[in-house]
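The values are calculated or read from the model by the stated rules, or taken from the named source; none is laboratory data. Bear in mind the structure is a predicted one, so any value in this text is a computation, not a measurement. Glycine gets a Cβ as well: all are built from the backbone with ideal geometry, and neighbour counts include every protein chain shown. Only protein heavy atoms, including side chains, enter the accessible area calculation; ligands, DNA and RNA are left aside. Shrake-Rupley method; radii C 1.70, N 1.55, O 1.52, S 1.80 Å.
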Amino acid sequence: MGNGMMLAPTTTDIEQRVADWVARHPSARVLPVVTNGPWDGPWEEDNPRSRWSYVWLKDGESCLNLELVRDGVCPGRTMTACEGDSLQVPEADYDAFLQKAWKAEQEAIGAKRGVWAK
């Protein structure tokens with residue numbers, strides 16, 4: 001998850017949903033989208049725990065990030081980079097992904113899935 005991940009609503013089964021998807025997609029690839037940090041200052045430059053990465057997890061056309069949004073496990077806004085982040089994917093790919101995330105969220109809202117159930 002990306003932007004707003006700490007404050008965004010999620011379903012209680014998010015960890016199981018991720019584990020299930022990974023089990024069904026053993027050939028999935030991790031595609032870094034944004035990496036930020038260090039957070040505690042330059043003295044943390046070599047500490048990998050002082051950084052975070054926002055990634056897409058994809059297996060062919062299947063994408064964990066989009067499935068989580070489509071199933072209402074989390075809102076689509078959590079799949080966006082923060083303003084000013086330097087993208088590690090082509091901007092056209094990122095923009096296409098955002099369009100898919102928006103459509104997936106609209107589908108989840110319409111079907112009252114997950115966080116949109118109420």
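What to note about this one:
- Highest-first arrangement of 72-80, 105-113, 92-100, where packing means the average Cβ count within 10 Å: 72-80, 105-113, 92-100
- Probe 1.4 Å - accessible area at residue 86, Å² to nearest ten: 90 Å²
- In terms of accessible area, using a 1.4 Å probe and ignoring ligands and nucleic acids, 83, 15 rank largest first as 83, 15.
- Net charge over other residues, Cβ less than 9 angstrom from the Cβ of residue 71 (K, R count +1; D, E count -1): +2
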